[in-house]
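The values are calculated or read from the model by the stated rules, or taken from the named source; none is laboratory data. Note that the structure is a prediction, hence the values are computed from the model and not measured. Here the Cβ is made from the backbone with ideal geometry for all residues, glycine too, and neighbour counts use every protein chain on show.
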Amino acid sequence: MKTGWMVGCLWVAGGTFVASSFAATRYVNVSNAAPAAPYTNWAMAATAIQPAIDAAASGDEILVAPGTYLLSGSPVHLPVEKTLTVRSTLSRAAVIDAQSLSQGVLIYGTNSTFAGFTVCNGLYGSRGGGIVVARPCTVPIVW
């Protein structure tokens, strides 16, 4: 009886390890000179956040270096089919500036996390914009 429990326990732990080994980390650095998909290290980091999100699979983490990320009309969009963790490597030092051209950030990915950013100059119609949350997710607010 003890042996069967032990084997079951090892199988569950092994299954968890195998499943988590498929997640990847993607990198974003606005000042990178040589971005190259799939953005899986700092030397190939994307220079904008959306290409890294587009290259990511559900479960991936996207690390964003400090800097100002200017949006040119489309918001940063976490799609409904992906559960992602998108976070700044230094709290509030990664700035998403929508330049009054878009809402800023749209989060549709259920259970996604979006943390450590400053979002500014968002616009939605004639109103202000920032972060639009359409599904249950985590967006830590720091004052």
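Below is a table of values for the structure above.
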quantity	calculated
Verdict on residue 23 being surrounded by fewer than 16 Cβ atoms within 10 Å (Cβ to Cβ), at pLDDT below 95 and in contact with a strand residue (DSSP E or B) (Cβ under 8 Å, 6 or more places away or on another chain)	yes
Residues within segment 99-127 that are assigned to a strand (DSSP E or B) and surrounded by 14 or more Cβ atoms within 10 Å (Cβ to Cβ), tallied	13
Which listed residue, of 98, 57, 93, 48, is farther than 26 Å from residue 128 by Cβ and not basic (Lys, Arg)	57
Unmet criterion (only one of (1) among the aliphatic types (A, V, I, L, M); (2) modelled with pLDDT of 95 or more; (3) farther than 17 Å from residue 32 by Cβ) for residue 80	(2)
Near pairs, Cβ below 6 angstrom, 6+ apart or cross-chain, from segment 117-138 (closer than 22 Å to residue 70 by Cβ and among the polar types (S, T, N, Q)) to any residue that is assigned to a strand (DSSP E or B) and modelled with pLDDT of 85 or more	118/95; 121/97
Top-ranked residue of segment 31-75 - restricted to ones that are in contact with a Phe, Trp or Tyr (Cβ under 7 Å, 6 or more places away or on another chain), part of a helix (DSSP H, G or I) and among the aliphatic types (A, V, I, L, M), ranked as surrounded by the most Cβ atoms within 10 Å (Cβ to Cβ)	52
